[in-house]
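To keep things clear, I will list the structure first and then write my remarks on it.
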Amino acid sequence: MTDAGDGRERRVGRRRIATMLGGWAILVSLFLLWQTLTYRGLMALAAEWQFNTFGRYYPSLTYLLLATIIASPVLWLLRGGDRAEKDGGGEGAAIDPSLLPGRTFIRTILGVAAGCAVICLAVLIAMLSLPGDIGPVQRIVVGSPAAVDPRTGPTELSGALLRGRTAGLSQDLLVARRTIRFAPMLSPTGGNAETVRYFVEIGADENAATMQGNGRREGILRRGGLPGELEYLFQYAGYDVATPYYVLFASRAALQWPYRVAAIQLALVGLICLIVAGGLHLRRERLRRRLHDQDGRHGNSLS
């Protein structure tokens with residue numbers, strides 16, 4: 001009885017450890033995903049290295065690679081823990097019980113899928129809360145008192161567009177690709193040393209001449225909204241970026257684009273996790289049936 005009790009305690013202890021490790025793997029995956037969407041921490045460092053080395057940044061590939069590297073030892077321990085637990089009761093079986101995918105391993109993958117679904121829903125809700133293009137158009141001159149605390153939404157912005165300081169970013173994602181450009185807009189009488197409070201999205205078909213001759217832009221104003229890469233780029237270029245700053249997007253589609261792409265990527269990652277977990281579950285059940293049949297035949301031969 002003592003040995004049986006000790007065995008149960010060891011199994012319970014292993015399950016608790018496996019649950020903690022599985023939770024850690026899920027948290028790591030979701031935390032890296034948050035850093036990818038907000039351009040922070042380890043993902044930002046990886047992006048800066050890619051910009052300096054390759055001149056481009058691959059967020060989806062970087063996320064998958066880092067998540068795999070960080071979480072793989074934990075997932076291997078989960079698989080090994082389940083394997084050790086099954087080895088104790090599978091002696092003499094023709095099929096090695098260690099081939100069975102572990103329950104905790106499968107549950108961890110399902111946890112990642114569930115986390116992706118929750119974050120995907122949060123991203124869609126955040127997208128719906130973005131400023132719209134319906135309503136009266138506010139007219140703001142950069143540097144005026146009205147420009148200090150504007151409302152978001154349809155806006156006509158007037159000022160000095162710094163066409164020579166346009167920053168662009170090519171984004172190659174799993175499901176989409178685009179090139180975006182932004183330029184600072186200062187007050188008509190300001191200089192380059194002025195704090196930058198406004199950025200304007202520049203269309204791909206605009207040339208230097210049209211940008212120089214047009215200091216009035218109309219679009220959808222949003223608080224913040226620059227890709228993290230470009231925000232750091234303007235700061236590295238010596239600009240004093242105000243807190244908060246505002247971005248005038250050319251259209252609602254441009255405003256929603258990163259949210260749509262993030263939601264699609266999250267849905268794809270979650271779907272892949274579901275497919276993998278489903279495949280492992282089917283394999284586990286198939287091997288368990290074969291193991292049960294062979295154990296039954298083995299028992300009959302001994303009787």
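The values are calculated or read from the model by the stated rules, or taken from the named source; none is laboratory data. Predicted model only: the values in this text are computed from it and were never measured. Side chains are part of the model used for accessible areas, which takes the heavy atoms of the whole protein and leaves out ligands, DNA and RNA. Shrake-Rupley method; radii C 1.70, N 1.55, O 1.52, S 1.80 Å.
Annotations
- With 0.36 nm allotted per residue and the present C-alpha distance subtracted, the L65-S251 stretch has 63.6 nm of extension available.
- Accessible surface of R286 - all protein chains present, 1.4 Å probe, nearest 10 Å²: 120 Å²
- Amide proton proximity set for Y198, modelled H, under 5 Å, gap of 5+: M185, Y246
- For A160, distant residues with modelled amide H under 5 Å away: L186, S187
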